[in-house]
1. Select from region 207-220 the residues that are part of a helix (DSSP H, G or I) and of a type in the set (A, V, I, L, M) and list them in ascending order.
2. Name the residue that is farthest from the chain's Cα centre (by Cα), counting only residues in region 151-181 that are in a loop (DSSP other than H, G, I, E, B) and of a type in the set (D, E, K, R).
3. Just checking, does region 151-165 include any residue being among the acidic types (Asp, Glu), crowded, with 24+ Cβ neighbours inside 10 Å and within 26 Å of Gly111 (Cβ to Cβ)?
4. If I go through region 65-106 residue by residue, how many of them are assigned to a loop (DSSP other than H, G, I, E, B), open to solvent by 90 Å² or more (accessible area, probe 1.4 Å) and at pLDDT below 70?
5. List the residue pairs whose Cβ atoms are under 8 Å apart, where the first residue sits in region 88-101 and is over 18 Å from Asp219 (Cα atoms), the second is not in a loop (DSSP other than H, G, I, E, B), and the two are 6 or more positions apart or on different chains.
6. Looking only at region 160-197, filter to residues that are modelled with pLDDT of 95 or more and among the basic types (Lys, Arg); which one of those is farthest from Asn283 (Cα to Cα)?
7. What residue, of Asn283, Asn241, is under 17 Å from the mean Cα position of the chain (by Cα) and over 23 Å from Arg126 (Cα atoms)?
8. Pull out all pairs, ordered by first then second residue, where Cβ-Cβ is under 8 Å, the residues are six or more apart or on different chains, the first lies in region 212-224 and is free of Cβ contacts under 8 Å to residues at least 12 places away in the same chain, and the second is of a type in the set (Phe, Trp, Tyr).
Amino acid sequence: MSLTGTPFLYTAIVLAVVALALPFVLWTRLKGPKALRAALRALMLVFAQATAITLVFVLVNNANNLYDNWADLLGTGNHVQQAANLGADGTGGIAYRKLPRVVQQFTPADGPGMRAAGGVRVTQLRGRVSGVNAEVYVWLPPQYDEPAYKNRKFPVVELLSGYPGSAKAWFGSLKVHQQLEPLMRSGRVAPFILVAPRTNLIAKIDTGCANIPGTVNADTWLSIDVPKMITDNFRAASGPNGWATAGYSAGGHCATKLAVAHPDRYRASVSLSGYNDPIGERNSLANQNVRLRRANNPYILLKNYRTPPPVALYLSGQSGDGYQAGVALERIAKPPTTVHVIFVPRSAGGHSMALWRPQIPAAFGWLTRVLEHRPHHHLRTALTPPVPSSGGSRPAELASGTASRAAAGRRR
């Protein structure tokens, strides 16, 4: 029975109702020695508590897509086949663009919201360069099958989930495809192909979208294997001008890091409540030592460029939770790098799907302007104040990009 499936949810509801009814029906009717009756009553109470906790967990998990399956929940899933040393650029010297075409079979994806807005499809991809074997979800824009667009190559946004989190969360919890479909039909948002690859590749550990020889090549999986598969199977624009990344929380960190580290593969990124220093997620592999932290910190990567990369960064967050990281990048960015920072007030909510969901239209409107070179127009949400704020942070925190360290324990 699937962890996120409807049958398991209904089973949890039925068991919770039964557990609640049992004490009312049997409490005074139990027979036998006093010790036996006491033990049976205790078991009924334990059963009621266990079913209640299970039901709450299922509801929360279905709403936030934290764990996609039983293997993720129990910590038995591992999607890394091998992790060779692929060098600084993550290719291992392989001319990956010249590799044979990757032909994939796609099936309709299951789960809440996955059939909406034309439906999301899924495939199991065996990464030939990264050594990762995991699922990738794809949603095609409404224009994709229209005759007028038969020769059109579409821009792509790679969607990255937080930790813990499922790639399904972008469709099931954030409802990105349901929000964007009418905006794409009206022309307010470009007809993006949306691609959500698995980011949680090792049980109980956040890969930090890093390449770590002998452990995982998450960067290569996301920036080489997945894009090649998409361009081989769909009418997708080739990088970098037609590609962008977007993520929330730990996925926001990855989105920014990938764009800054690989301007030859991506042109833009969106980060919702992300961070710069990998220490923002204490379970991140990129947080193991200072060398890895520096190699995967977009602030340091951007600062060390001799020639600024032609990337555009969009970062939104609250004080202590993403905003300072964006301001830090904005302060060191030099043309052609551009940084757009959005301050989100505390009144908008906390570090959750409810905070990020309403930001999607504005973020993808910005992506549309950047990738299609449209003139700027005001596509503001109620979350965007007219004047940015530092939230009272000290200048040293803003400069380092690590002002969100205090919030490390609540990353999602």
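1. Restricting attention to region 207-220, the residues satisfying the condition of being part of a helix (DSSP H, G or I) are 218-220.
Once the filter is applied, which keeps residues that are part of a helix (DSSP H, G or I) and of a type in the set (A, V, I, L, M), region 207-220 yields only Ala218.
2. Restricting attention to region 151-181, the residues satisfying the condition of being in a loop (DSSP other than H, G, I, E, B) are 151-153, 155, 161-168, 173-175.
From what's left, of a type in the set (D, E, K, R): 152-153, 168, 175.
On the way: Arg152: 27, Lys153: 24, Lys168: 9, Lys175: 13 Å.
Filtering first and then ranking leaves Arg152.
3. The answer is yes, given that some residue of region 151-165 is among the acidic types (Asp, Glu), crowded, with 24+ Cβ neighbours inside 10 Å and within 26 Å of Gly111 (Cβ to Cβ).
4. Residues of region 65-106 assigned to a loop (DSSP other than H, G, I, E, B): 65-69, 75-77, 79, 81-95, 99-106.
Going one step further and asking which of them are open to solvent by 90 Å² or more (accessible area, probe 1.4 Å), we end up with 76, 81-82, 85, 88, 101, 103, 105.
Imposing the further condition that a residue be at pLDDT below 70 reduces the set to 76.
Going through region 65-106 one residue at a time, the tally reaches 1.
5. Leu99/Lys228; Arg101/Asp232
6. Arg185
7. Numbers: Asn241 fails: under 17 Å from the mean Cα position of the chain (by Cα).
Unique residue meeting the criteria: Asn283.
8. So the pair list comes out empty.
The values are calculated or read from the model by the stated rules, or taken from the named source; none is laboratory data. Because the structure is a prediction, the values reported are computed rather than measured. All Cβ positions, glycine included, derive from the backbone under ideal geometry; neighbour counts span all protein chains shown. The area values use the complete protein model at the heavy-atom level, side chains included, leaving out ligands, DNA and RNA. Shrake-Rupley method; radii C 1.70, N 1.55, O 1.52, S 1.80 Å.
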